[in-house]
Amino acid sequence: MDHVDTVIIGAGVVGLGLAARLSQTRQVLVIDQMGQFGEHTSSRNSEVIHAGLYYDEHSLKARLCVRGKALLYDHCERFHVPAKRLGKILFARTAAEQDKLANIETQAKRNGVHDLTPLSRAQIADMAPGLRVSAALFSPSTGIVDSHQLMLSLVHQLEHAGGNLVCHTRFDSAEPTASGFNVILDCDGEGFKLSCHTLINAGGLFAQDNARRIIGLGKHHIPQSHLCRGQYFCYQGSHPFHHLIYPMPEQHGLGIHATLDMAGQLRFGPDTEFVDQLDYQVDAQAKARFVEAIQSYWPALDPARLQPDYAGIRPKLYLDQGQDFVIDGHQHHGVNGLINLFGIESPGLTASLAIAEYVESQLKR
């Protein structure tokens, strides 16, 4: 039976971030059931580098977002990954929302983000012409990244260190042994067995399903999984924005906000809708809802130029409340050598390299 030190299930940005880091000191194999890396949540998002404004200061999201942001900008510079610090305008429309805006500013400081600045009406008019808001903050450390090029750079790091990424390969099962795990994989319909010392489940949308295939892992250590779809619409032609434009956050997301891609194309989204199965179709009927939401802060929107673009699905652990990242090692579930990652939604892209750093520290315990 072949042996490898560490098997990572899932070649999204988090799995690849883990692989790039851990491969510097150990032999790493990354597997993914799809035809290439990052085909699900990692390539179907806003591609935003988040500053770390919203999350509770005691959460992994806050800690790993702020740390991950710094690591990510450094990585992009070092490996020539396209990234831009465009900055974000976070705005309030009503007096009640101004209270929320003030709370976010306070929370950001608790999280170690000290660069938020209030904008005057004149500054808002200059930076985002036509925006109808009553108050706004500017986050200069928010940016965008080319997520595909980022993942490609992580694959190159992995392979340069002697590790391997194998696609079209599904995790079938793992059984604990005295020295790690015996793992069974399905490689394009062919069964393949190997042993490993460490097993990391970074399966994203499929993490819970993977966990149920690990013998000896108690069911009470596997949280519920709910699929939350977010749709995006692109805006064709010229527009007045050079920064990201964000309303107040909502229960399951950050609201229908305006982001830019590396070429300066404007897009809006995501909305939020719980679905029963993976479905990346964009519902054209959602356009009216998007138009209403966008025109509430940008009245000059031309609805004819707003077109369906793409959809993503994020792994939610709850239907009716917020969530933190769940990164469970043996101290929690009792299975030596196993790390499970659940509910890695936004800001997972921003936090990916910090998640890798955090997991590495857990493995050294």
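The values are calculated or read from the model by the stated rules, or taken from the named source; none is laboratory data. It should be emphasised that the depicted structure is a prediction, and the values quoted were computed from it without experimental measurement. Here the Cβ is made from the backbone with ideal geometry for all residues, glycine too, and neighbour counts use every protein chain on show.
Before moving on, here are some points about what is shown:
- Among the candidates GLY112, GLY38, GLY68, GLY15, residue that is outside any helix (DSSP H, G or I), of a type outside the set (A, V, I, L, M) and buried (at least 24 other Cβ atoms within 10 Å of the Cβ): GLY38
- Listed conditions (1) over 30 Å from ASN340 (Cβ atoms); (2) touching a strand residue (DSSP E or B) at 6+ places or on another chain (Cβ under 7 Å) are all met by LYS316, apart from (1).
- Failed criterion for CYS228 (all others in (1) within 22 Å of HIS50 (Cβ to Cβ); (2) crowded, with 21+ Cβ neighbours inside 10 Å hold): (2)
- Test: LEU53 is surrounded by 15 or more Cβ atoms within 10 Å (Cβ to Cβ), under 15 Å from THR142 (Cβ atoms) and more than 20 Å from the chain's Cα centre (by Cα): no
- Conditions (1) more than 24 Å from LEU119 (Cβ to Cβ); (2) touching a residue at least 60 places away in the same chain (Cβ under 8 Å); (3) assigned to a helix (DSSP H, G or I); number of the one not met by ASN45: (3)
- Against the list (1) outside any helix (DSSP H, G or I); (2) loosely packed, with under 12 Cβ neighbours inside 10 Å, the condition PRO240 fails is (2).
- Sole residue being surrounded by fewer than 21 Cβ atoms within 10 Å (Cβ to Cβ), of a type outside the set (Ser, Thr, Tyr) and outside the structural domain of TRP298 (by TED's automatic domain parsing), chosen from ASP74, ASP99: ASP74
- Check on GLN231, more than 30 Å from THR94 (Cβ to Cβ) and within 27 Å of the chain's Cα centre (by Cα): no
- On inspection, HIS80 qualifies as out of contact with any Cys (no Cβ under 8 Å at 6 or more places or on another chain), farther than 28 Å from ILE327 by Cβ and not assigned by TED's automatic domain parsing to the domain that holds LEU152.
- Residue match in the stretch 105-121 (condition: of a type in the set (Gly, Ala, Ser), free of Cβ contacts under 8 Å to residues at least 12 places away in the same chain and out of contact with any Ser or Thr (no Cβ under 7 Å at 6 or more places or on another chain)): yes
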